[in-house]
Amino acid sequence: MRPRTHSVAMTALALILALLAPASPVGAQTGGDAAPAADQNWQTAAGGKMSFEVASIRESPDSVHTMNFRWDDEAPFTPNGGYFSARNFLVNYIEFAYKLPLTDEEEGTLLQHLPRWAREDNFVIQARASGNPTRDQMRLMMQSLLAERFMLAVHFESREETVAALTLIEPGKTGPALRPHREGPPCDLQGAGSVGSSSQEVIRPFPFKCGFLDLVELPNHQRRLGARNVTMGKIANGLARVEWQGHTLVDETGLNGGYDFKIEWAPAPAIAAPFTEDNPSDSGGPTFQMALKDQLGLKLVKRRATVRVLLIDHVERPSEN
C-alpha cells in the first residue's frame, strides 16, 4: 500500500478507519450498512469468504515490522504456495485485510480509540492455505482470521465529508507529463523492439516497469513520482500517499483506461495548509500544487462528498497458539 521508494519513508491515504462505540455483537462485518459495491467487487472476484488451513499468533517484543510479500497492489505478487508470515501492529493487519491504506493522521485517530495493547503490541502471524492463493484471497483469509482470533467485528457506513477532488484544469486536456499509456513506451520494451530507439524516454522510461508507483529523491530536496499503465484512481492514491494531507483525495478527472505520469516537485513544509496558493520553496523547485497544474494539468478542488468508511465494532486480545 505504499509506493516503492528510495531513501524515504512515505505514508498512504485512502479510506478512514475508525472505532465505533459502544461495541456491537461480535462477528465479521456485522451491523450497519453492507459493504459498498466497490468493496464487494474485489471480495467477490477473489472468491468470497475463505480461511487459512492453519494459523498461529504470538506477541513479539521485536519492533521491526516484516512481511513475506508486499501487501500493496502496486507491487508485483507471485503466488507463494499459500504461506503468510508477518510481524506487525493490529491496525496494519486490518489495513491489509480490507484494502485500507491510511495516512499517519488517520492511523493516529484510530489508535487513540483502540485498547492500549492494540496500539503498542506487535503480533507475529504465520499461516498456511491450500493451493496457490492470490494476494486478494490472502486478504479474505486474514479477514476470517481477525474475526476468529481477535474477535474483530466491522461494518461499513456512509458519511458526508470534505474531500479534495482531483480534476482537470481544462476538460479533456492533460498536462505534458500525463498521457494515455498507448502513447508512451510499451510495458514489454524488448518484445516491442523499442530498446534501440534514440529517445531516452523510450530506452529507459520512468518507472521502467509498469503497474506500480515509483518514488525517488532528487537533488535539492525534490521528489519524483511516476507510474506507467495505471488508472487515474491509482494516480490519485499515489499523489495522496506522498504529499497530500488533510482531506481524502478522490479522482474526478473522468479519465478512463491506463495512463503514464511523472511529477517532480519540492515537498512543502509540514505546516503548509491545504487548498492555498503555494509559493516556490527554498529548493527552487515547484510546489506540489504548481507541479500538478503545470506538469499534469490537474488541480485540487475542495468539496463535500459521500465517503464509505469501515468502522470497527469490537476487538479482543487474541489467545496465542
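Annotations for the structure displayed:
- Top-ranked residue in segment 71-110 [being in a helix (DSSP H, G or I) and either in contact with a Ser or Thr (Cβ under 6 Å, 6 or more places away or on another chain) or surrounded by fewer than 17 Cβ atoms within 10 Å (Cβ to Cβ) (or both); ranked as modelled with the highest pLDDT]: GLY108
- Within segment 300-321, being of a type in the set (D, E, K, R) and in contact with a helix residue (DSSP H, G or I) (Cβ under 6 Å, 6 or more places away or on another chain) holds for one residue alone: ARG317.
- Within segment 127-154, the set of residues being part of a strand (DSSP E or B) and over 23 Å from the mean Cα position of the chain (by Cα) comprises ALA127, ARG128.
- Conditions (1) within 30 Å of VAL315 (Cβ to Cβ); (2) surrounded by 18 or more Cβ atoms within 10 Å (Cβ to Cβ); (3) modelled with pLDDT of 90 or more: number failed by HIS181: (1)
- Inside segment 52-70, residues that are touching a residue at least 40 places away in the same chain (Cβ under 8 Å) and assigned to a strand (DSSP E or B) make up a count of 7.
- With respect to the conditions (1) outside any loop (DSSP other than H, G, I, E, B); (2) at pLDDT 85 or above; (3) surrounded by fewer than 17 Cβ atoms within 10 Å (Cβ to Cβ), GLU316 lacks only one, and its number is (1).
The values are calculated or read from the model by the stated rules, or taken from the named source; none is laboratory data. Quick caveat: nothing in here was measured; it's all calculated off a predicted structure. Heads up, the Cβs are rebuilt from the backbone with ideal geometry, glycines too, and the neighbour counts pull from every protein chain shown.
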